[in-house]
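Step one of this worksheet: look at the structure below.
Read-outs throughout are calculated quantities, based only on the coordinates presented, and are distinct from any laboratory measurement. It should be emphasised that the depicted structure is a prediction, and the values quoted were computed from it without experimental measurement. Cβ sites come from the backbone with ideal geometry, for glycine too, and all protein chains shown count toward neighbours.
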Amino acid sequence: MSDKKKPTKKPFEENKSLARKQIFPTVAFNVLFYALGRSLPIDTSQLTTPTDRLIYTIRWLFLSSTTIIFAMVRVLRVRGNTDAIDPLNGEAENLVELPNRILRNTIEQFLLHASAVLTYSTFLDESNMNNIPLMVMRFILGRLFYAVGYSSDPMHRFFGFNMTFGPTFITC
């Protein structure tokens, strides 16, 4: 018998309404985040060459990559503590479906994020490189909100997804 509860399916209009209600808080949070972030004393004046800026960006991207590690640990914890420990058995694979989806989406978003941030850093001068740490911190927070929201209800993943994908989309 499965430990997972079957989700009840909501009508389309209810889901659409819930998604619309999440737009304003997402926009408000993003504006507040960048307003506060721009006031942080991040000194990037020494990043005068493109090589320096790329190295700086790669170092920050390492922090973004930790989201993949945390998502993997979540899958491993579920596997290690349930009947899903044997993936070939297949009887308890439903227990790791949600953590696997979060992991897969995190990997996909990280690849897009890393490509966008690396490319973006080649267009910035040293005075604007403080955008890189802000984008990375927003990515990390977005992945956290995505995982928490998706775990509570799949319709609650919008806020975290938008925090993750928004900057990637804007930089492309």
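The table that follows gives values for the structure above.
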| item | result |
| --- | --- |
| Residue pairs meeting the criteria (Cβ under 9 Å; at least 6 apart or on separate chains; first assigned to a loop (DSSP other than H, G, I, E, B), in the range 25-44; second exposed (fewer than 15 other Cβ atoms within 10 Å of the Cβ) and not β-branched (Val, Ile, Thr)) | Thr44/Ser127; Thr44/Asn128 |
| Test: residue in the range 95-103 that is in a helix (DSSP H, G or I) and closer than 30 Å to Tyr56 by Cα | yes |
| Residue in the range 26-49 that is under 17 Å from the mean Cα position of the chain (by Cα) and surrounded by fewer than 13 Cβ atoms within 10 Å (Cβ to Cβ) present | yes |
| Residue ID - surrounded by the most Cβ atoms within 10 Å (Cβ to Cβ), chosen from residues in the range 50-84 that are free of Cβ contacts under 8 Å to residues at least 24 places away in the same chain and of a type in the set (Gly, Ala, Ser) | Ala84 |
